[in-house]
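Heads up, the thing below is written out as structure tokens.
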Amino acid sequence: MPADSKIIEVAGLVRKFGDRAVLNDISFNVDRGETLVIMGGSGCGKSTLLRHMIGAMKPTSGLVRLFGEEITTLKEREIERIRLRFGMLFQSGALLASLTVGENVALPLLQHTKRSIDEIEDIVKQKLGMVGLTGFENLKPDEISGGMKKRVGLARALALDPELLFSDEPTSGLDPIMTAVIDELTLKLARGRGMTAVVVSHDMTSAFRIATRMIMLGHGGIVAQGTPDEIRASSNPEVQQFIHGEADGPIPLNLSQEEHEHHQHVKPRPFARARGRFHRKTA
Amino acid sequence: MSNAELLAFVSARTLAFCALNLQVRNYLQLNVSLLYWILVAPFTGQFFKIAPIFRQMVFIGVRAAPMVALTAFSVGVTLAMQAAHSLESLGAEMYIPDLVMITLLREMGPVLIAVIVIGRSGSAVAAELGTMKVSEEIEALEVMAINPIQFLVVPRFLSMMVMLPALTIFGNYIGILGGWAVCVSALDFNTAGYVLRALESAETWDLYSGMIKSVVFAWIIITIACNAGLSVEGGAEGVGQATTTAVVQALLAMLVMNAVLTGIFFFAA
Ligand SMILES: Nc1ncnc2c1ncn2[C@@H]1O[C@H](COP(=O)(O)OP(=O)(O)OP(=O)(O)O)[C@@H](O)[C@H]1O
Ligand SMILES: [Mg+2]
């Protein structure tokens, strides 16, 4: 079925915060089995884009279809049905602090399957093993490192063996070896089991290793998209600067002052007054 | 659900021009979906889990017991001493147990124990849910297709509805014990006399009215605390504000409601 091969459809997506359009008319599709890597500078709207794709934020205009259903207009009830089919790794991990690592991974299984406790324990062990965290079941999230939290978040996202995985910077904060392990895992699931993946990544080595297609975001839109080879060969200087990580180039280092004034939803902070309070003039 | 939605819609419309429109609407919506998850959802096959309710009962109820006991005992002692002072001058010492008993069952028991539970559990619930909100945990639950109301609010609500009345009964006993301690040690009462007098004076309605109050207070406290926690925005500062808001609003609402209920129970009839 050709219609079924299109798992995600984003069309004309616009999202404004105040007057500033963080996402401005974004359109792309993701086919079954693809691994799409989304790149772009910090703060350019990658996490915001993911939030719209999972239905956690509503767009100002435009539509998002997951598995052929438009989630921007669905009722909460119906979105839940779709959410069972995908997993999401948050940029912060978003583990439940009151539960142990094992309970976090077990949570979707306990809530959505009728498996026995023994079976669930086995699955939890297996999923934690996949991300290299065997034996950490009984620790609380605040007893493990940031990179470990990310990996637990990934194990939790994979608990229900989703057909679609969203992950927000799965390898940031990991050492090169662990990065390779997570990349291998993504590759294994994508190529072996046909899982579709949408991965936000800053890490170019990792991005080129796992991607079948790449999108680079910038200025609220899509700067470039294509296969890894096409991106590598791109003549766009912004893309070249980004993938080679150079400081000099067309991408501005900071928002200029003028651009900053357009951020009208950001209230100017009373620096002067605050300084007056802390450094009271004695003279 | 359509009736519930209609109710939420109607109540929201009537309050559209209220200054606290958004807050009130959130609060009503929370109540409506809470009722849905407790009363309707179990019949569609979505039972709430029992284990988290017991865990919350330990936090809200069992751990508060020592504080409740100390407060209730000192209130009982105070009431008996004040009663002795006033009633002795009238030569009516024999009515001291009546006064301790009735004041405790009708007013002091439910109100003071609600105050303790607001300070202990109301603030804790608001802070806990608020922290979960700012650290994306609530969003993560939603993305895992787990409803935060069902998963987080229902167990807290049910355990509060059980534990506050239970603590109130417990506190009433301890308070009466405090009155007994004063009467037996400092006044001319023996234990049997105190117990008989106390039992004779109080009617079952005195106990029931206090119980009804504490059930209403439990509802007010836990829904206000959960609502404050779930509507946190803006980091640790927001969590702090929500905690304060929860305590202040719950205290005010509880005290006003107490006056209203006393009026209905003992004045209007
Ligand atoms: N809730 C919000 N309210 C207002 N502005 C927001 C909100 N969420 C995000 N933004 C703005 O949207 C922009 C994009 O944020 P986003 O988190 O999507 O960036 P990102 O590309 O994921 O960055 P990073 O790589 O650092 O994670 C930022 O400039 C931010 O200020
Ligand atoms: Mg991000």
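In region A:31-71, the residue that is farthest from the other protein chains (Cβ to nearest Cβ) out of those that are on the phi > 0 side of the Ramachandran plot and more than 13 Å from ligand 2 (Cβ to nearest atom) is A:GLY33. Among the residues making up region B:145-172, a single one is over 23 Å from B:THR244 (Cα atoms), β-branched (Val, Ile, Thr) and within 11 Å of chain A (Cβ to nearest Cβ): B:ILE146.
When residues in region B:48-62 are screened for being aromatic (Phe, Trp, Tyr) and either more than 10 Å from B:GLN150 (Cβ to Cβ) or crowded, with 17+ Cβ neighbours inside 10 Å (or both), 2 of them pass. Out of all the residues in region A:192-233, which are closer than 22 Å to A:ASN24 by Cβ, away from ligand 2 (no atom under 16 Å from the Cβ) and not in a helix (DSSP H, G or I)? A:ARG213, A:MET214, A:HIS219, A:GLY221, A:ILE222, A:VAL223, A:ALA224, A:GLN225, A:GLY226 - these are the residues of region A:192-233 that are closer than 22 Å to A:ASN24 by Cβ, away from ligand 2 (no atom under 16 Å from the Cβ) and not in a helix (DSSP H, G or I).
Residue check: A:SER234 meets all listed conditions (1) buried (at least 22 other Cβ atoms within 10 Å of the Cβ); (2) over 21 Å from A:PHE86 (Cα atoms) but one, namely (1). Among the residues of region A:155-181, those that are within 13 Å of ligand 1 (Cβ to nearest atom), in contact with a strand residue (DSSP E or B) (Cβ under 8 Å, 6 or more places away or on another chain) and either of a type in the set (Ser, Thr, Tyr) or not in a strand (DSSP E or B) (or both) comprise A:SER167, A:GLU169, A:PRO170. Cβ-Cβ distances below 7 Å connect the following pairs, each with a first residue in region B:97-119 that is within 17 Å of B:MET254 (Cβ to Cβ), a second residue that is basic (Lys, Arg), and a separation of six or more residues or different chains: B:PRO110/B:LYS213. Entry remark, region A:5-24: residues being at pLDDT 90 or above and more than 16 Å from ligand 1 (Cβ to nearest atom) number 5 in total. In region B:94-117, the condition of being on the phi > 0 side of the Ramachandran plot and modelled with pLDDT under 90 is met by no residue.
Applying a threshold of 8 Å to beta carbon distances and a minimum spacing of six or more residues, or different chains, the list of pairs starting in region A:47-71 at a residue that is in contact (Cβ under 8 Å) with a residue 60 or more places away in the chain and ending at one that is in a loop (DSSP other than H, G, I, E, B) and within 13 Å of ligand 2 (Cβ to nearest atom) reads A:SER47/A:GLN91.
Within region A:89-119, the residues that satisfy the criterion of being surrounded by fewer than 20 Cβ atoms within 10 Å (Cβ to Cβ) and in a helix (DSSP H, G or I) are A:GLU103, A:LEU110, A:GLN111, A:HIS112, A:ILE117, A:ASP118, A:GLU119.
Restricted to region B:125-144, and to residues that are in a loop (DSSP other than H, G, I, E, B) and crowded, with 20+ Cβ neighbours inside 10 Å, which residue is farthest from the other protein chains (Cβ to nearest Cβ)? The selected residue is B:SER135.
In region B:80-88, is there at least one residue being charged (D, E, K, R), more than 19 Å from B:ALA114 (Cβ to Cβ) and either surrounded by fewer than 19 Cβ atoms within 10 Å (Cβ to Cβ) or modelled with pLDDT of 90 or more (or both)? Yes, because at least one residue in region B:80-88 is charged (D, E, K, R), more than 19 Å from B:ALA114 (Cβ to Cβ) and either surrounded by fewer than 19 Cβ atoms within 10 Å (Cβ to Cβ) or modelled with pLDDT of 90 or more (or both). Selection over region A:86-129 of residues that are within 16 Å of ligand 2 (Cβ to nearest atom) and in contact with a helix residue (DSSP H, G or I) (Cβ under 7 Å, 6 or more places away or on another chain) gives a count of 6. Check B:GLY76, B:GLY91 and return the single one that is small (Gly, Ala, Ser), over 24 Å from B:GLY229 (Cα atoms) and at pLDDT below 85. Sole residue among the options that is small (Gly, Ala, Ser), over 24 Å from B:GLY229 (Cα atoms) and at pLDDT below 85: B:GLY91.
The values are calculated or read from the model by the stated rules, or taken from the named source; none is laboratory data. Computed from a prediction, not measured in an experiment: that's the story for all the values here. We place every Cβ from the backbone using ideal geometry, glycine too, and count neighbours over all the protein chains shown.
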